[in-house]
1. Scan (1) under 15 Å from the mean Cα position of the chain (by Cα); (2) modelled with pLDDT under 95 for the single condition ARG188 breaks and write down its number.
2. Out of the helices (runs of 4 or more DSSP H) lying entirely within region 1-116, which hold 1 or more residues that are outside the structural domain of LEU220 (by TED's automatic domain parsing) and small (Gly, Ala, Ser)?
3. Just checking, how many residues over region 116-168 are of a type in the set (Val, Ile, Thr) and either closer than 16 Å to LEU189 by Cβ or touching a Cys at 6+ places or on another chain (Cβ under 8 Å) (or both)?
4. Give ALA73, ALA93, ALA85 a once-over and let me know the one that is in contact with a Ser or Thr (Cβ under 9 Å, 6 or more places away or on another chain), within 17 Å of LEU234 (Cα to Cα) and small (Gly, Ala, Ser).
5. Does ALA161 fit the bill of being surrounded by fewer than 13 Cβ atoms within 10 Å (Cβ to Cβ) and in a helix (DSSP H, G or I)?
6. Is there any pair with a first residue in region 190-218 that is at positive phi and surrounded by fewer than 16 Cβ atoms within 10 Å (Cβ to Cβ) and a second that is assigned to a helix (DSSP H, G or I) and among the acidic types (Asp, Glu) whose Cβ atoms are under 9 Å apart and which are 6 or more apart or on different chains, and what are they?
7. Does region 152-172 include one or more residues that are at pLDDT 95 or above, touching a His at 6+ places or on another chain (Cβ under 6 Å) and in the same structural domain as GLU237 (by TED's automatic domain parsing)?
8. Looking only at region 14-31, which residues are over 16 Å from ASP153 (Cα atoms), buried (at least 20 other Cβ atoms within 10 Å of the Cβ) and in contact (Cβ under 8 Å) with a residue 24 or more places away in the chain?
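The values are calculated or read from the model by the stated rules, or taken from the named source; none is laboratory data. Keep in mind that this is a model prediction, so the values were computed, not measured. Every residue, glycine among them, receives a Cβ derived from its backbone with ideal geometry; neighbour counts consider all protein chains shown.
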Amino acid sequence: MSALPPVVLLPGNMCDERLWQPVADRLAAAGHRVGAAPRLDHDSIAAMADAVLADVPGPAVVIGFSMGAIVAAEMARRAPRQVPALGLVAFNASADLPERAAVRPRQQRDVRAGRLAAVVADELKPNYLAEANRQDRELLATVMDMAVALGPDVFVRQSEALRLRDDLRPSLPSLAMPVLLACGVDDRLCPPEWHHAWAEMIEGNARVAEINGAGHLVPLEQPGALAETLLAWLAEETTCPTAS
């Protein structure tokens, strides 16, 4: 007999549990115990990782998206025994790119001045989606609704966490657990070639899955394909003995 491992899903920048809901439903239907992380609203990646580690009662597969993937990798670096397998979706292992770091203080000022919706609509959403999905009104509305629900204070804290984050590339070779790196084929923020580069740096069991028809927002753009990818990986890599 074997038990399916619990799974913890971490959202990305200005996303809440709605980001993962379509995928979570499929994982749960397959028998996995699926939990969402507490709100990632600290002003450092380290503090976010510590908060999730404190909230997760025992070892669990941690799967993060974008900023959540950065937090998941930090969790694995800090507490590898608590993260027996690691899923990194739309992941960037590097420190903040100079051009992104330079823009964040201005975005923070705009958001503090009451222009959160404008920043999300004009600067974030255009980079999130594959070309074929950019006119999907329901998807666009979900992205905006999540950001507005989290609000300006969370935006500023998450922005600072991303701006000041560590370069995780030196720690990638120490990841000994199975690692899945999943990305949208059309992701312009964290393109597939980055994920292949991260996989080469990981000396353990790492693989890359490219999801067709998706840009950066893989869990919402192609939830079925991502769920099937995760389920196949979980079945192969993470089934664990049932406790007696």
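1. So ARG188 meets the others, but not (1).
2. Counting at least 1 such residues, we get 98-112.
3. First pass over region 116-168, keeping only residues of a type in the set (Val, Ile, Thr): 119-120, 142-143, 148, 154, 156.
Of the ones still in play, those that are also either closer than 16 Å to LEU189 by Cβ or touching a Cys at 6+ places or on another chain (Cβ under 8 Å) (or both) are 119-120, 143.
Result for region 116-168: 3.
4. Values: ALA73 fails: within 17 Å of LEU234 (Cα to Cα); ALA93 fails: within 17 Å of LEU234 (Cα to Cα).
Exactly one residue qualifies, and that residue is ALA85.
5. Details: surrounded by fewer than 13 Cβ atoms within 10 Å (Cβ to Cβ): no; in a helix (DSSP H, G or I): yes.
Spelling it out, it is not the case that ALA161 is surrounded by fewer than 13 Cβ atoms within 10 Å (Cβ to Cβ) and in a helix (DSSP H, G or I).
6. GLY213/GLU221
7. Scanning region 152-172 turns up no residue that is at pLDDT 95 or above, touching a His at 6+ places or on another chain (Cβ under 6 Å) and in the same structural domain as GLU237 (by TED's automatic domain parsing).
8. Initially, region 14-31 is screened for residues over 16 Å from ASP153 (Cα atoms), giving 17-31.
Filter again for buried (at least 20 other Cβ atoms within 10 Å of the Cβ), leaving 19-20, 23-24, 27.
Hits for region 14-31 are LEU19, TRP20, VAL23, LEU27.
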